[in-house]
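Take a look at the structure below.
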Amino acid sequence: MVTIDHDAVLRARVLLLGSGRPSEVELVGAYRVLAEVSPKAYLPKLVDALLALRRQGWDPEVALALAAEASRAARRMEASAPRRAERLRWALDAHRASLLALGRRAEGRAVCEELAEAGRSGPLANVLAEEGHFREAAELDEKAARSGLLEPSFWDMVRWAANLEGAGLHDAASAVFRELLEGTRREVARQRTALAVLTWELVHFSRMREAARDGAGAAAARREALDVLEELATKGEPENWSCILGWWKTLFVLSGRAAEPAASPESPMPPFGTDTGWSPHARDGFLGMLPGLEAEAAGLLEADRLPGLVDVRRRITIRAAVREGGHPHLFEERFTPYFDEGVTLARRLSGDPARLARALTDRSMFLVAARSFESAHADFAEAVALLHER
């Protein structure tokens, strides 16, 4: 039985009815007291106030305590309370983020599971993918993609396909990506998305088919991409699209997953295939490899071991894209040196057209993002010629 402190209740009511504006801390204190006597009226307010207070940039442990309290309060709300489901998702998402920020993955995963039960499965899919549980992540992705009334988005389909591919289900992954491509082609025909997006998708699909040892399918995707690039080079985009760098960044980073260490619960990797929802542990670990990669690249350069150097420099470029590939300011100036270096090094390799074609393709897709379509077309045409497909 809860003992009511009537003096505390009176003080809380006076605070809320006063002419002054209470601070967030004062609001939380008042709502804590009043939620015990009038939970229907004040639990929603307590959830909102706790989450607002958490956003003020507290120490991570304090932020975690506030998010955990918000989750408990949200669970106590009546099922019929206005926006209960939404508030519960907000609170659980904040709780998840705070736990993962502190590296408490097991607890964070448990909250992600509760969040999935509350109707938001993306965070759980990301945590599973970070730990290498790709099949389970893909099952969640499929449910999310098929449960809505609207057509699944680029982000839904890419993550789903990426997790299927991570599980070794290459044909299933390609079927999902083909569905995405069909939708993108329709959107392009209606001028509702960019030709650049279609180009990036076709090139990524060609990489997927190469991984599945389907050379004919990969070549067909590259030929279609080259046709789209020719249109871009001669006519440009039919519409002036706002920043779409996230599409390029997501697919470019995903293209490098095979060169990275395998993900596991003990050594999580980023959830390749999505640009959002990475846990700080996975992101920091991925970017934290940079000093080691730079040192490895220096050693390979000194030893004139070019194939390994080309591969390591690509891994470094991918991390640069993770760090700032979505920022349009001086985008071309910042990234040109990375891609030019990749092509220059690959040209020094004799008898390795595949690496040069990859470097040219990488630079071509970057140039599409930078809207330098003629140069992008020239690079990709050379890449296709190297692979004896034109």
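The values are calculated or read from the model by the stated rules, or taken from the named source; none is laboratory data. Keep in mind the model is a prediction, meaning the values are calculated, not measured. Because the Cβ atoms are built from the backbone with ideal geometry, glycine has one as well, and the counts that use them run over all protein chains shown.
Can you tell me how many residues in region 367-390 are in contact (Cβ under 8 Å) with a residue 60 or more places away in the chain, acidic (Asp, Glu) and part of a helix (DSSP H, G or I)?
Looking only at that region, the number is 1.
Name every residue in region 188-208 that is farther than 16 Å from Arg371 by Cβ and crowded, with 21+ Cβ neighbours inside 10 Å, in order of residue number.
Passing the criteria: Glu201, Leu202, Val203, His204, Phe205, Ser206, Met208.
Going through region 346-356 one residue at a time, which ones are part of a helix (DSSP H, G or I) and of a type in the set (A, V, I, L, M, F, W, C)?
Ala346, Ala354, Leu356
Determine whether region 256-272 contains at least one residue that is more than 20 Å from Ala359 (Cα to Cα), touching a Gly at 6+ places or on another chain (Cβ under 8 Å) and of a type in the set (S, T, N, Q).
Within region 256-272, one or more residues are more than 20 Å from Ala359 (Cα to Cα), touching a Gly at 6+ places or on another chain (Cβ under 8 Å) and of a type in the set (S, T, N, Q).
Considering only region 107-135, state which residues are among the acidic types (Asp, Glu), more than 16 Å from Met269 (Cα to Cα) and touching a helix residue (DSSP H, G or I) at 6+ places or on another chain (Cβ under 7 Å).
Glu107, Glu113, Glu114
Please go through region 326-346 and give me each residue that is under 11 Å from Val310 (Cβ atoms) and either exposed (fewer than 15 other Cβ atoms within 10 Å of the Cβ) or touching a strand residue (DSSP E or B) at 6+ places or on another chain (Cβ under 8 Å) (or both), ordered by number.
Thr344
Hey, does region 9-20 have a residue that's assigned by TED's automatic domain parsing to the domain that holds Ala101, hydrophobic (A, V, I, L, M, F, W, C), closer than 30 Å to Arg104 by Cβ and in contact (Cβ under 8 Å) with a residue 24 or more places away in the chain?
For region 9-20, residues assigned by TED's automatic domain parsing to the domain that holds Ala101, hydrophobic (A, V, I, L, M, F, W, C), closer than 30 Å to Arg104 by Cβ and in contact (Cβ under 8 Å) with a residue 24 or more places away in the chain: absent.
If a residue must be surrounded by fewer than 17 Cβ atoms within 10 Å (Cβ to Cβ) and either of a type outside the set (Asp, Glu) or under 16 Å from the mean Cα position of the chain (by Cα) (or both), how many such residues does region 261-282 contain?
So the count comes out to 7.
Show the residue pairs that are 6+ apart or on different chains and have beta-carbon atoms under 7 Å apart, the first residue being within region 34-52 and outside the structural domain of Ala94 (by TED's automatic domain parsing), the second being at pLDDT below 95 and not in a helix (DSSP H, G or I).
Listed pairs, sorted by first residue: none to list.
For region 1-55, how many residues are in a helix (DSSP H, G or I), charged (D, E, K, R), modelled with pLDDT of 80 or more and surrounded by fewer than 21 Cβ atoms within 10 Å (Cβ to Cβ)?
9
Would you confirm, using the coordinates I've provided, whether Asp227 is surrounded by fewer than 17 Cβ atoms within 10 Å (Cβ to Cβ) and either free of Cβ contacts under 8 Å to residues at least 40 places away in the same chain or outside any helix (DSSP H, G or I) (or both)?
yes
Assigned by TED's automatic domain parsing to the domain that holds Leu245, over 29 Å from Pro261 (Cβ atoms), in a helix (DSSP H, G or I) and at pLDDT 95 or above - does that describe any residue in region 357-366?
no
Listed residues Arg222, Arg257; which is crowded, with 17+ Cβ neighbours inside 10 Å, assigned by TED's automatic domain parsing to the domain that holds His377, of a type in the set (D, E, K, R) and closer than 27 Å to Glu187 by Cα?
Arg222
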